[in-house]
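Remarks on the structure that follows.
The values are calculated or read from the model by the stated rules, or taken from the named source; none is laboratory data. Given the structure is predicted, the values throughout are model-derived calculations rather than measurements. Don't worry about glycine lacking a Cβ; one is built from the backbone with ideal geometry, like all the others, and counts go over all protein chains shown. Accessible surface is based on the protein model in full, side chains and every heavy atom, while ligands, DNA and RNA are left aside. Shrake-Rupley method; radii C 1.70, N 1.55, O 1.52, S 1.80 Å.
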Amino acid sequence: MAEEKNEGLVLLDFWVSPFGQRCRIALAEKGIPYDYSEQELLGAKSDLLLRSNPIHKKIPVLLHDGRPVCESLVILNYLDEAFPNQGSSGKLLLPADPYARAQARFWAAYSDKVYELGTRLWKLKGEARAQARAELLQVLANLDSELGGKPFFGGEEFGFVDVAVAPFVPWLPSYERYGEFSVEAAVPRLAAWARRCEGRESVAGSLHPPGKVDEFITMLKKHYGIE
């Protein structure tokens with residue numbers, strides 16, 4: 001049904017994608033209605049996805065009145081600019097101060113390393129896995145330091161960086177298992193932040209349990225022939 005819709009918002013996504021979940025959380029936080037279109041990533045990709053993102057051929061893609069906006073953080077910025085005072089909450093994800101906005105964009109982009117290094121953990125073995133583990137722990141430590149004693153990355157309010165990082169939380173137990181480390185022990189402030197995020201309706205309604213994520217990783221390993 002969503003593939004035929006040319007008006008309003010349609011999110012092309014994949015159920016377990018943390019990058020698509022960024023968009024879902026942002027839309028929920030802002031209270032903006034949209035249609036959801038589940039896409040196939042491991043098999044043949046839909047004509048709609050290929051037309052909408054011919055460069056990368058990836059989700060997420062946000063269609064706004066039929067016009068595509070690609071890449072999760074670009075979509076988050078677009079939602080703030082296109083819907084500054086709209087939706088049921090009228091909330092802005094980015095802070096008002098230009099410097100604070102620049103910092104938020106930096107840390108949101110930096111957080112992509114969590115997924116990149118976590119993927120290396122379950123794909124690689126031996127010294128390569130050990131290197132990925134060390135790099136991931138450093139990235140988590142940097143995020144922990146940036147968070148500091150604040151409830152959320154931007155301060156008292158859940159915002160842009162929180163939306164960007166929160167979808168990686170259900171992946172962390174798998175990364176802990178493959179990397180043989182403890183998030184709670186390594187970055188306790190980040191672990192406490194994760195629990196606060198999980199209590200938010202926008203986050204809880206957009207993410208899947210860690211067990212489902214781990215099952216997906218196991219399926220990916222079989223798909224790629226990784227033992």
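List every residue pair whose Cβ atoms lie under 7 Å apart, where the two residues are 6 or more positions apart in sequence or sit on different chains, the first residue falls within segment 112-141 and is on the phi > 0 side of the Ramachandran plot and open to solvent by 40 Å² or more (accessible area, probe 1.4 Å), and the second residue, located anywhere, is part of a helix (DSSP H, G or I) and of a type outside the set (Gly, Ala, Ser).
none
Looking at segment 189-200 only, could you name the residues that are farther than 23 Å from residue 131 by Cβ and either touching a residue at least 12 places away in the same chain (Cβ under 8 Å) or open to solvent by less than 30 Å² (accessible area, probe 1.4 Å) (or both)?
Of everything in segment 189-200, those that are farther than 23 Å from residue 131 by Cβ and either touching a residue at least 12 places away in the same chain (Cβ under 8 Å) or open to solvent by less than 30 Å² (accessible area, probe 1.4 Å) (or both) turn out to be 189, 191, 192, 193, 194, 196, 197, 198, 200.
Restricting segment 149-164 to residues that are of a type outside the set (Gly, Ala, Ser) and open to solvent by 10 Å² or more (accessible area, probe 1.4 Å), which is nearest to the chain's Cα centre (by Cα)? Before the answer, list the steps.
Kept after step one, since they are of a type outside the set (Gly, Ala, Ser), are these residues of segment 149-164: 150-153, 156-158, 160-163.
Keeping just the survivors that are open to solvent by 10 Å² or more (accessible area, probe 1.4 Å) gives 150-153, 156-157, 161.
Values: 150: 21, 151: 19, 152: 16, 153: 15, 156: 21, 157: 18, 161: 10 Å.
Of everything passing the filter in segment 149-164, 161 is nearest to the chain's Cα centre (by Cα).
Hey, any hits in segment 83-92 for a residue that's open to solvent by 30 Å² or more (accessible area, probe 1.4 Å) and under 26 Å from residue 175 (Cβ atoms)?
There is no residue in segment 83-92 that is open to solvent by 30 Å² or more (accessible area, probe 1.4 Å) and under 26 Å from residue 175 (Cβ atoms).
I'm trying to understand the selection: among the residues of segment 144-185, which are out of contact with any helix residue (DSSP H, G or I) (no Cβ under 6 Å at 6 or more places or on another chain), touching a residue at least 40 places away in the same chain (Cβ under 8 Å) and of a type outside the set (Asp, Glu)?
Scanning segment 144-185 gives 148, 149, 151, 154, 158, 159, 165, 181.
Which residue out of 215, 146, 135, 127 is part of a helix (DSSP H, G or I), of a type in the set (Asp, Glu), at pLDDT 95 or above and within 22 Å of residue 76 (Cβ to Cβ)?
146
Just one of the numbered conditions (1) more than 26 Å from residue 79 (Cβ to Cβ); (2) open to solvent by less than 40 Å² (accessible area, probe 1.4 Å) is not true of residue 167; which one?
Here residue 167 clears every test but (1).
If I ask for residues that are closer than 24 Å to residue 227 by Cβ and under 11 Å from the mean Cα position of the chain (by Cα), which ones from segment 101-123 would you list? Can you show your working first?
Filtering segment 101-123 for residues closer than 24 Å to residue 227 by Cβ gives 115-123.
Answer for segment 101-123, where residues must be closer than 24 Å to residue 227 by Cβ and under 11 Å from the mean Cα position of the chain (by Cα): just 115.
With (1) out of contact with any Asp or Glu (no Cβ under 9 Å at 6 or more places or on another chain); (2) at pLDDT 95 or above as the list, and residue 160 as the residue in question, which single condition is left unmet?
(1)
Does residue 74 fit the bill of being open to solvent by 30 Å² or more (accessible area, probe 1.4 Å), within 20 Å of the chain's Cα centre (by Cα) and β-branched (Val, Ile, Thr)?
Yes; evaluated as a whole, the condition is true for this residue.
Mind checking which pairs have a first residue in segment 94-105 that is closer than 13 Å to residue 164 by Cβ and a second that is part of a helix (DSSP H, G or I), Cβ under 7 Å, 6 or more apart or different chains?
94/80; 94/101; 94/104; 94/160; 104/160; 104/161
Output the residue which, of all residues in segment 89-124 that are in contact with a Pro (Cβ under 9 Å, 6 or more places away or on another chain) and outside any helix (DSSP H, G or I), is modelled with the highest pLDDT.
92
Restricting to segment 54-70, and then to whatever is surrounded by 14 or more Cβ atoms within 10 Å (Cβ to Cβ) and in contact (Cβ under 8 Å) with a residue 24 or more places away in the chain, can you tell me which residue is farthest from residue 208 (Cα to Cα)?
Checked segment 54-70; the qualifying residue farthest from residue 208 (Cα to Cα) is 64.
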